[in-house]
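So the structure is just underneath, and the comments pick up after that.
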C-alpha cells in the first residue's frame, strides 16, 4: 500500500519545494531574457547572457541533468561570454535602435513558436514519468547494458563517447569548423597583432 | 551503369562503403587546413571528393543489387547506436552531390585564385571539404539527431563560405549574417522537432521512429514535432516564404560557392525533407495529408509563380538565377506534396536535373564574370562573341531550365505535369505552366543579351573561360542534353527512390 | 536502302549540312555548295520516302524508352510525306534564292544564317515524320528555337524586338498550352501515338475533349490563330529568305500541319465533329480569316501585307480540319501545299524587289513592273493562285474546302470563304497591277535600281520556278489527292 | 605601464589560473565517473589561457601558447578522434568500434576504455585549440583595450 503511494508520488513529480525553485528560476530566466531583448548596451548584454546561462545551468541541475548543467556553465557562461566580449571589442558598444516595424516579424515568429511549444506540452509525458517512451525504451537499455558493454559507471559519458560517439565526432567537427570560420573571416590574429606591435615600436623609436 | 565500380574495390572496403563516402573529406579537412601551399590543399580536396564519389557510385551499385544497407557506427546495432543507412532514396543523392562536388572542385581551381586571398585558400578549402562532408552525412545518415549534427557542420561551413565573398563585395557579410540567423533558426526548429519526437517515441533512429510513430500519431507532441521539422528543413531547402536568405547569399558569395551551393545544399535539404516526411512520418497519416494539401502545395504554387516573376525583374544575373532556384524548389515541393510515388519520383528527377542546370548556369556566369568583373545582366551584352564555348553551355543549360525538349529539364517537367494530372491536380499543371512561361521570359532576356546584343568595349575584352572551368561546365551541359535524350537511368533511380519512400524505408 | 536508314538519313542530312556549313565558314562558295547539295539530297530522299509511303509501305522507326514511357518515334503517313516533300523541295529553291539575296544585300553572319537554316529543316523533317505527339512536340520546339536567330538576323534593336515577340509567343503558347495538352493526352490515353481513327476516340467526353482541343488549337502558336497571330507580322523584320522559310517552307506550315495531324490522328474526325469545342475553333478560324484580310488591306508595307495574308490563309487549314469531314480535311491538306507554293513566290518577289531597288512600300512600286517584268508577272500568277483562279493550284484547295463546308452543313463557312476571296482580290491584285501600270504622270520616272543590273539572277530563277509550280499543281492535283486520300477515308 | 590599477586582478589571477588548468584536467580524466569530459575540459582549459591573456596581455599569452600551436592542436584533436575510428576499421571493426582498438576477448573492456580516453583527448585538443584560435583571432584585432572601453 505504502509502496504504491510512494511510486505514485514519484510519478506525480517532485515535491512543492522543488516546484517553487523551478518557478522562481524560470521566472528569473524569463526576466533576464526580456532584459536582454530590450537592452542596447552590448557590455551589459554579454553579462546578462552569462547570467542567463548560469540560471539555465541551475535549472538543469534541478532537472537532474548534471552533465548538461556543467556543460552549460562552462560553455554558455564561461567561454561564450569571453569570446563575445572579445568580439564586442571590435565593434561599437551600443546597439542601434531597431525600427518598430522591424520587430513585428520576429515577434510573430516567437509567439507562434511559443504557441506550438505549449500545444506540444499538452501530450508530453509528465516530468520523470518512468513509463514515458523517452525513459522506458532505449534509456532503460542504455542503463542496463552500459556496464556490461563498456565498463564505466557514467552512462552519459558512455552514450556520448561510445554509443553515440559519431555524433560527438561530428560535434568536434562543428567546433573545428567554427575555429576555421573565425580564422578565415578575421584572419590570423597574431599576424595583425604583430603588425600593429611593430608599428607601435616604430612609433616609439 | 558503365563501369562496375563495386567489383573494382577491395573486398574489405565494401562493408565500409556507407562511412567511407563521408570519411575521406571529413578527415582531409583538418589536413587541408594545415597545408602551407594551397595547391596541395586543393589536390587533397579533389582527391578526397573523388574518392567520395567513387564510393558513392559503388554504394549505389551495392544498393541496387542488395537493397538497403545499414552500417552500425561504433559497432552498436541500431537503434542503440547511430546508423548509416543507404537505400535507393539516398544513394542517388550521394552520387549527385559527390559528382557535383568533383566538378565544382575542378572549377574551384581557376576561380578561387581570383576570389580569395592567397593565405586564406587552404582554410577555405578545408571549410569546403567539411561542408561537402556535412552534406554527404545528411544524405546518408539514418539517425535523426545525427542528421542535425551534419546539418550543422554543413550549415556553419556554408555561412563562412558565403561570408568569404566579403573581401570582394561587403554585402556578402550581410548576406551571410542573414543566412546565419535564418539557418540557425531552421536548425533550432529541426532539433526541437526531433526533441518532441524523442519524447514521444524514445528513439532517434529513423527506421525505429517510423515503426513507433503510428501508435502515437494522434499525440499533439508528434504534431508539433512534425511542424517544427517541416519548418526547419523547409527553411534550409529555401521553401517559399522561408527563402529570404537565398537570393543574397547566392548573389554575393564567391562564384565557386554559388555553384556548389546551388547544385547541392538545397537539394540535400530537400532530400532530408523527403526522408523525414516519407520514411519517418508517412503520407498516410491524416495530419500530414492536411499539411501537404493545404500548406505545402499552396506554398509551392506561390513560389513557382511569385519567384519566377521576381526573377524576370532582376538586373543581376546571379540574383535572377537565385530567384529561379526558389521557384524550382517550388516545382519540387509541388511534386512532393502530391504524396504519390509518381509525384515524388518526378520531384527527385527534377531535383537532379536542376542541380545539373543550375550548376552549369552559375559556372558559365562565373566564367564570364572572371574577365568581365560584373554580374549585371546589361554587362553581358554580346559576350557570346568573345566567349562562344562558355555562352553555348550557358544557352544549353538555360534551355533546360525553361524545359525545352531534348533537354533534361523538359522530361522532368513533363513527369511533374503527368504526376499532377494523375491526381487531377489540374490547377498545379496550370501553375507550373505559368511559371514555365515566366521562365521563358527571364531566360529569353538573358540569352538575348548574351547572344544578340551588340557588345560594348568592355565586353570585347571578355576572354573565353579557362579550360579548368570549361571542362566541368561542359560536363554538366552535356549531362543536361544526354539526360534529355535518354533519362531512363535517372528515372530508374528516382522510381526506385519513390518505391523506397512509399514502402516506409523497407526494401 | 532500308526504311529505317531512310528516316535516319532524312534527319541527318540537314544536321550534316549545318555542320558542314559551320566547318566551311571561311570559304563561302563551298559553303553555299554544301547547302545546295544537301538540299538536293534531302529532296531526293523525301521523294523516295513519298513514293514508298504512297505504295503503302510501313515506314517507321522507334527509339527505346527515354523516360516515363516516352519514345522518339517516326512513322510516315501521306500527310507527313507531303509536308516533307514541300519543305525539302522548297528548301532547294529557297537556298538558291538565299545565296542571291544574302550576297546581293551583303548581309553579315551568313554562316550562322545557313547553319540555322539547316537546323530549321531538321526540325521540319522531324515534325513531318513524327510518329507520336511527343516527337512532334520536340521537333516543333527545335524549329522554334532554330529560327529565332534567323528572325533576329539583322541584330539591331528592331530585329531583336521582333524576334523576341516571335520566340516568346511561340514558346509561351507551346509550353503554356500545347505541352499541357500533350501531357494531358498522355495521362488520358497512356501513350501518345498517332492512331488512325484518333487516339482519344472514345476516351474523352465532350467537355474534356473541347478543352483539349482548345489547348491544342491555341497551343500551336505557329498556326497563327487569332489572338496568337501577332508574332507573324512582327517576324517580318527578318531577311526575305527567312520570311519565305517562315511562311512557306517550314514554320507556319509545321503549325497547321500539327493542327491537321492532331485533328486526324489524335482526335479523329468522328470525335472532332461531335465536340462542341470544334465549333468554337472554327469560329475563331473564320474570324481570323476575315479580320486578318481586312488588316492586310490597310498595310502599305509589302511584307506586312503578305504576312497578314498568311495569317488569313493559314486559318483555311484550321477551319478545314475543324470541318471534320473528308472534303474539308483534304481541302486543308491541299491548302498547305498550294499556299506554300504561292506564298513563297510572293515573298521571293518581294525580296527580289528589295534587293534590286530597296523599295519596301507598295505605294513606291508603281511602274516597277516595266523594269522587272518577270518578277511582277510571277507575283501576279501567285496572287491569282491565292485568290483561287483556275488554272492555278489554289483553286482546288478552295473548292474542296467549300465542298467540305457544304457537307458539314456549315454554310456560313462558305460565305466566309467567298468574302475572303473578294478580300484577297482587293489586297493582292492591286500590287501586281500597280507595278505593271505606267509610272505616275508627275514623276514619270520609275524608281531606279539600287544595285546595277537589277535583281540578281539567283533571286529571279527560283520565283519563276515556283510560279510555274502553281500551274503544275493545278494539273497535278489528282496525284496529290490520290496520295493523301487514304488518310481521310476512301473518298478522294 | 606606469600605474597598475589591475594589481588585485593580477594577483588573484596568478593564483587562480593554475587551479583552473588543473581543474580542466580533472574534468577530463574523471569524466568516466562524474559529469565532464573533453568538451568541458577543453573549454575550461581555454578559459584559463584566455584569463591569462586578459590579465597579462595577449602578447604574453601568445608566448605561452602560440597561435600556431593552438591551430595545430585543434586540427590534431579532430584528426585524433577520426583516426581512432579508422584504427578500429583497420583492425577489422566498424568505424569507431572501440572493441577493436586493441585485441582482446569478447568480455574485455580495455578497448572501450582506451578508445574513450583517446577520443576524449581528441575532443579536449580540438575544443581548446579551436577556442583559443577564435579568441586570438578576435584579440589580435584589438591588441590594446582602453580602460574606457569597459
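Here, each number is a calculation from the coordinates, and none is a lab measurement. Keep in mind it's a predicted model, so treat the numbers as computed, not measured. Don't worry about glycine lacking a Cβ; one is built from the backbone with ideal geometry, like all the others, and counts go over all protein chains shown.
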Practice task
Can you figure out the FRET efficiency of residue C:482 with residue A:41, using R₀ = 56 Å and their beta-carbon distance, to the nearest 0.05?
Solution key: 0.05
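Only counting other Cβ atoms within 10 Å, I'd like D:110, B:245, B:427 sorted with the fewest neighbours first.
On the way: D:110 15, B:245 23, B:427 11.
Ordered from fewest to most neighbouring Cβ atoms within 10 Å, D:110, B:245, B:427 come out as B:427, D:110, B:245.
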Practice task
Could you grab the relative contact order for chain C? Cα pairs under 8 Å, six or more apart, rounded to a whole percent.
Solution key: 14
Exercise for the section: Please give the helix B:171-201 orientation as an angle from the longest Cα principal axis of chain B, in degrees from 0 to 90, rounded to the nearest 10. Expected result: 10
Fill in the blank from the handout: In deg cm²/dmol, rounded to the nearest 500, the helical mean residue ellipticity at 222 nm of chain B, built from -39500 (n - 2.57) for every DSSP H run of length 4 or more, is -24000 deg cm²/dmol
Exercise for the section: Note down the nm distance, to one decimal, between modelled labels 7 Å out along Cα→Cβ at residue B:66 and at residue C:370. Expected result: 9.5
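Taking the mean number of other Cβ atoms within 10 Å as a proxy for protection, how do you rank B:324-336, B:279-291 from highest to lowest?
Sorting B:324-336, B:279-291 by mean packing, highest first, produces B:324-336, B:279-291.
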Handout entry: Dimensions (Å) - the protein assembly as shown, Cα atoms, principal axes, largest first
Key = 118, 86, 62
Fill in the blank from the handout: Mean per-residue count of partner chain Cβ within 10 Å for B:81-87 equals 3
Exercise for the section: Could you tell me the distance between the Cα centroids of the range A:14-79 and the range C:4-62, to the nearest Å? Expected result: 81
Practice task
Please give the peptides A:70-77, A:55-62 ranked by average Cβ packing (other Cβ atoms within 10 Å per residue), highest first, as a rough proxy for protection.
Solution key: A:70-77, A:55-62
Practice task
Please report the base-10 log of the normalised intensity I(q)/I(0) for the range B:283-507, using a Debye sum with one equal scatterer per alpha carbon and no solvent, at each q in 0.17 (1/Å).
Solution key: -1.11
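Within 10 Å of each Cβ in peptide B:210-216, how many partner chain Cβ atoms are there on average? Round it to a whole number, please.
Per residue, the average neighbour count from other chains is 1.
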Fill in the blank from the handout: Relative to chain D, whose Cα atoms define the longest principal axis, helix D:67-90 and its Cα axis are tilted in degrees, nearest 10, by 10
Problem - Zone of residue C:51's modelled label, taken as backbone nitrogen in the range C:1-32 under 12 Å from a point 7 Å along Cα→Cβ - result: C:1
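Calculate the translational D of the range D:1-133 in whole µm² s⁻¹ from Stokes-Einstein, where the hydrodynamic radius comes from the Kirkwood formula applied to all Cα pairs, the temperature is 10 °C and the viscosity 1.306 mPa s.
For the chosen part, D equals 97 µm²/s.
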Problem - Footprinting exposure proxy for B:422, C:322, B:446, D:89 (fewest neighbouring C-beta atoms within 10 Å first) - result: B:422, D:89, B:446, C:322
Completion exercise
Honestly the range A:10-96 on the Cα gyration tensor test (a ≥ b ≥ c root eigenvalues; a/c under 1.5 rounded, otherwise a/b vs b/c for prolate or oblate) is just oblate
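Please arrange A:149, B:4 by how many other C-beta atoms lie within 10 Å of their C-beta, fewest to most.
B:4, A:149
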Practice task
Taking chain B as the reference, fit the longest principal axis to its C-alpha atoms, fit the long axis of helix B:17-34 to the helix C-alpha atoms, and give the angle between the two in degrees, 0 to 90, nearest 10.
Solution key: 50
Practice task
Using only the Cα atoms of the range B:390-507, construct the convex hull and provide its projected area averaged over every direction, in square nanometres to one decimal.
Solution key: 9.9
Problem - Length gained when the stretch residue D:59-residue D:90 is fully extended (0.36 nm per residue, less Cα-Cα span) - result: 6.8 nm
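Could you compute how fast the range B:315-435 diffuses translationally, taking Rh as the Kirkwood radius over C-alpha pairs and applying Stokes-Einstein at 25 °C with viscosity 0.890 mPa s? Give it in µm² per second.
163
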Practice task
Beta carbons within 10 angstrom, averaged per residue: use that to sort the peptides D:43-51, C:242-250, highest first.
Solution key: C:242-250, D:43-51
Exercise for the section: Could you calculate the FRET efficiency of residue B:471 with residue A:97 from 1/(1 + (r/R0)^6), where r is the beta carbon distance between them and R0 is 56 Å, rounded to 0.05? Expected result: 0.60
Exercise for the section: Can you figure out the FRET efficiency of residue C:26 with residue B:244, using R₀ = 60 Å and their beta-carbon distance, to the nearest 0.05? Expected result: 0.70
Practice task
Within 10 Å of each Cβ in peptide D:62-74, how many partner chain Cβ atoms are there on average? Round it to a whole number, please.
Solution key: 3
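Sum -39500 (n - 2.57) across every DSSP H segment of at least 4 residues in chain C, then divide by the residue count to get the 222 nm mean residue ellipticity, nearest 500.
-23500 deg cm²/dmol
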